[in-house]
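A short worksheet on the structure shown next.
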Amino acid sequence: MKCVVCNRRKGKRYCPAKHTKICAICCAEKRGIEINCPLDCEYLIAGQKVHQQRITKARIEKEGIKSYVKKTDLYLKSPEFFANIEIAISRLYRSNKNLSNKDLILGLEQASKTLETQDKGIIYEYIGENEYSNEITKSILNIVNSFMN
Ligand SMILES: [Zn+2]
């Protein structure tokens with residue numbers, strides 16, 4: 001049976017979003033982006049794991065192991081918080097295909113600046129002209145605030 005996505009290669013993986021088999025290349029390239037994978041798809045989870053390992057490796061190389069251990073500690077203390085952030089970001093990517101990594105970075109920077117100001121006791125929301133980034137900032141801040149209360 002041919003892959004229903006590219007209609008060229010052989011479909012080898014059962015895709016829960018397409019309800020049929022797709023090829024490994026389409027799965028790897030399009031999962032979570034063009035294919036609306038359910039969050040419990042084994043291929044999506046495995047792919048995220050590999051992606052995470054690559055990021056971890058790059059981070060250790062860049063920041064050194066100490067900083068990495070510190071961040072991992074933080075992660076282990078509040079896995080639900082990080083899971084919520086991840087889900088929010090993947091939802092935003094899914095609901096808007098034009099969303100770029102740059103928008104995401106800007107959105108995170110705005111959220112981080114807002115939180116820094118909040119720490120100093122000032123209420124000021126850093127919002128820019130990029131609507132996508134603003135949406136990211138707002139959802140991150142919502143999650144952070146819901147966990148702090
Ligand atoms: Zn394919």
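Observations, loosely collected:
- For region 68-109, the set of residues classified as of a type outside the set (D, E, K, R) and within 11 Å of the chain's Cα centre (by Cα) consists of F82, A83, N84, I85, I87, A88, I89, S90, L92, Y93, N101, L104, listed by residue number.
- The helices (runs of 4 or more DSSP H) found entirely in region 1-100 that carry 1 or more residues being within 16 Å of the ligand (Cβ to nearest atom) and either surrounded by 14 or more Cβ atoms within 10 Å (Cβ to Cβ) or not acidic (D, E) (or both) are 24-30, 42-63.
- Region 113-125 residues that are of a type outside the set (A, V, I, L, M, F, W, C), paired with ones that are surrounded by 11 or more Cβ atoms within 10 Å (Cβ to Cβ) and not in a helix (DSSP H, G or I) (beta carbon under 6 Å, 6 or more apart): K113/Y126; T114/E125; T114/Y126; T117/Y124
- Selection of first residues in region 22-42 that are touching a residue at least 40 places away in the same chain (Cβ under 8 Å) and of second residues that are surrounded by 13 or more Cβ atoms within 10 Å (Cβ to Cβ) and of a type in the set (D, E, K, R), restricted to Cβ pairs under 7 Å at least 6 apart or on distinct chains, gives the following pairs, ordered by first then second residue: N36/R94.
- Residue match in region 115-122 (condition: crowded, with 16+ Cβ neighbours inside 10 Å, closer than 26 Å to L39 by Cα and assigned by TED's automatic domain parsing to the domain that holds N145): no
The values are calculated or read from the model by the stated rules, or taken from the named source; none is laboratory data. Because the structure is predicted, anything quoted here is derived from the model rather than measured. Methodologically, a virtual Cβ is constructed for each residue, glycine included, from the backbone with ideal geometry; neighbour enumeration extends over all protein chains shown.
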